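The values are calculated or read from the model by the stated rules, or taken from the named source; none is laboratory data. Quantities reported herein were computed from a predicted structural model and do not represent experimental measurements. Cβ sites come from the backbone with ideal geometry, for glycine too, and all protein chains shown count toward neighbours. Accessible surface is based on the protein model in full, side chains and every heavy atom, while ligands, DNA and RNA are left aside. Shrake-Rupley method; radii C 1.70, N 1.55, O 1.52, S 1.80 Å.
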Amino acid sequence: MGKTLVEPDWPPLTGEEAGTLLARYGLPGGAAVLRWHSPRPMSAAALVRCGGTEVFVKRHHKLVRTPAQLSAEHALADHLRALGVAVPAVLRLPDGGSVAASGDYVYEVHALAPGVDVYRDVLSWEPFLSVQHARAAGAALARFHRASASFGLPERPPAVLTGSCAVITAADPLAAVGRLAARRPGLAGYLDRRKWREDLTRYHLPAIREVAPLFPGLGRLWGHGDWHPSNLTWTSAASDAGVAAVIDLGLANRTFAVHDLATAIERSAVAWLDLADTGQAAVDRAAVDALLDGYQAVRPLTRADLAGVAGLLPVVHLEYALSEVEYFASVVRSPENADLAYDGYLIGHTRWFAGPDGQALLSHLQRRADRQPAAP
């Protein structure tokens, strides 16, 4: 959380647990050796070697992910692989399913991603290591969208630790949050203690109203939802490396291409981790331009698309932040982290865009949009 390593929310995977699981997938027998544990606190994951085969195993509590939710992610992964996007293969059980359940947990198993995991130990919101990486990531995101545009599953409904655009595209965003809370008691219990209507009206609604007229012209497709350099592997550790593979479709959903682009900028180009300490967050403007340059070289963007990126940036995190509030408030019952997700993330990020640094970034993006032809 922030810049501080914390204890995981869930017990780590064990060798015995992994070995029992992998036997269900028909992998070679033998003792399972856990070579690496993910430090991410919201699930338990590890690289596991078993009988000469190495795989990636991830375990979720059933309150965080259901088999149906994971199956949608796996269907997207299969679709992308069939169209040439380098996504790790999802391993299948003998009955053809991809999700194993045991007690309160569900499991997924993936083949190893090719490439070098350059950003393995990088914190969320940390920047690209080079502008070349940002440009390569932009091009890879465009290839991802080119393939995901033909994936036909409908939008996934809001849930714990998931992203969407359900609130920001609603005719009445406040009513949409109210309906969401009515269906999700854990979120409702937290929001009942906060002046969320006043907060969203003050910080989020102005941005939503400004970008809303663009929504009808923005084509829907499945986005990755968490396009950060740590969710990519690389052809080498060099500063000019390309993207080798895409990992972690846990936040994937049917949104807009520009929603995914705005998320990519929000995830990697603003130094959010400094905001709590200094009240300021520097912007890596060169990475923003490189990311967009790389994307446009593969999948051209219109003036409206780029205006949409600028318009969405202040609120692109809204739905995921609410889902994070729910996770901390009702799943792991951490009031301190629920407050951090609400005050620092949901409100704090949007509020920053109204300040001088945020306005400078949005103006930069709008100027880029103004220079773009109306059609590609």
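Could you tell me how many of the residues in segment 338-360 are under 16 Å from residue 272 (Cα atoms) and buried (at least 22 other Cβ atoms within 10 Å of the Cβ)?
Looking only at that region, the number is 5.
Pull up segment 69-93, narrow it to residues that are at negative phi, touching a helix residue (DSSP H, G or I) at 6+ places or on another chain (Cβ under 8 Å) and touching a residue at least 24 places away in the same chain (Cβ under 8 Å), then point me to the one that is surrounded by the most Cβ atoms within 10 Å (Cβ to Cβ).
Among residues in segment 69-93 that are at negative phi, touching a helix residue (DSSP H, G or I) at 6+ places or on another chain (Cβ under 8 Å) and touching a residue at least 24 places away in the same chain (Cβ under 8 Å), the one surrounded by the most Cβ atoms within 10 Å (Cβ to Cβ) is 87.
Output the residue which, of all residues in segment 69-93 that are in a helix (DSSP H, G or I) and of a type in the set (D, E, K, R), is nearest to the chain's Cα centre (by Cα).
73
Given (1) modelled with pLDDT of 95 or more; (2) in contact with a His (Cβ under 9 Å, 6 or more places away or on another chain), identify the lone condition not met by residue 218.
Condition not satisfied by residue 218: (1).
Residue-by-condition table, conditions (1) of a type in the set (A, V, I, L, M, F, W, C); (2) without any contact (Cβ under 8 Å) to a residue 60 or more places away in the chain:
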| residue | (1), (2) |
| --- | --- |
| 324 | no, no |
| 333 | no, yes |
| 339 | no, yes |
| 345 | no, yes |
| 355 | no, yes |
| 361 | yes, no |
| 367 | no, yes |
| 374 | yes, no |
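Please determine, by comparing only the residues of segment 11-68 that are within 23 Å of the chain's Cα centre (by Cα) and in a helix (DSSP H, G or I), which one is surrounded by the fewest Cβ atoms within 10 Å (Cβ to Cβ).
Going through the qualifying residues, I end up with 68.
Just one of the numbered conditions (1) without any contact (Cβ under 8 Å) to a residue 12 or more places away in the chain; (2) more than 23 Å from residue 237 (Cα to Cα) is not true of residue 36; which one?
The single condition residue 36 does not satisfy is (2).
Would you call residue 108 over 30 Å from residue 309 (Cα atoms) and acidic (Asp, Glu)?
yes
Any residue at all in segment 256-264 that is at pLDDT 95 or above, in a helix (DSSP H, G or I), more than 20 Å from the chain's Cα centre (by Cα) and on the phi < 0 side of the Ramachandran plot?
No.
Kindly state which helices (runs of 4 or more DSSP H) lie completely within segment 101-209 and contain at least 3 residues that are of a type in the set (Lys, Arg) and open to solvent by less than 20 Å² (accessible area, probe 1.4 Å).
none
Among the residues of segment 249-270, write down those that are surrounded by fewer than 24 Cβ atoms within 10 Å (Cβ to Cβ) and acidic (Asp, Glu).
Within segment 249-270, 266 is the sole residue that qualifies.
Go through (1) part of a loop (DSSP other than H, G, I, E, B); (2) closer than 30 Å to residue 139 by Cα; (3) at pLDDT 95 or above and name the single condition residue 96 misses.
(2)
Check 332, 325, 298 and return the single one that is within 24 Å of residue 64 (Cα to Cα), surrounded by fewer than 21 Cβ atoms within 10 Å (Cβ to Cβ) and not aromatic (Phe, Trp, Tyr).
Going through 332, 325, 298 in turn, the sole match is 332.
Just to check your reading of the model, which residue among 277, 293 is without any contact (Cβ under 8 Å) to a residue 12 or more places away in the chain, in a helix (DSSP H, G or I) and open to solvent by 40 Å² or more (accessible area, probe 1.4 Å)?
Result: 277 is the single residue among 277, 293 that is without any contact (Cβ under 8 Å) to a residue 12 or more places away in the chain, in a helix (DSSP H, G or I) and open to solvent by 40 Å² or more (accessible area, probe 1.4 Å).
Inspect all residues belonging to segment 303-311 and state whether any of them is of a type in the set (Gly, Ala, Ser), under 24 Å from residue 375 (Cβ atoms) and more than 21 Å from the chain's Cα centre (by Cα).
Yes, the conditions are met somewhere in segment 303-311.
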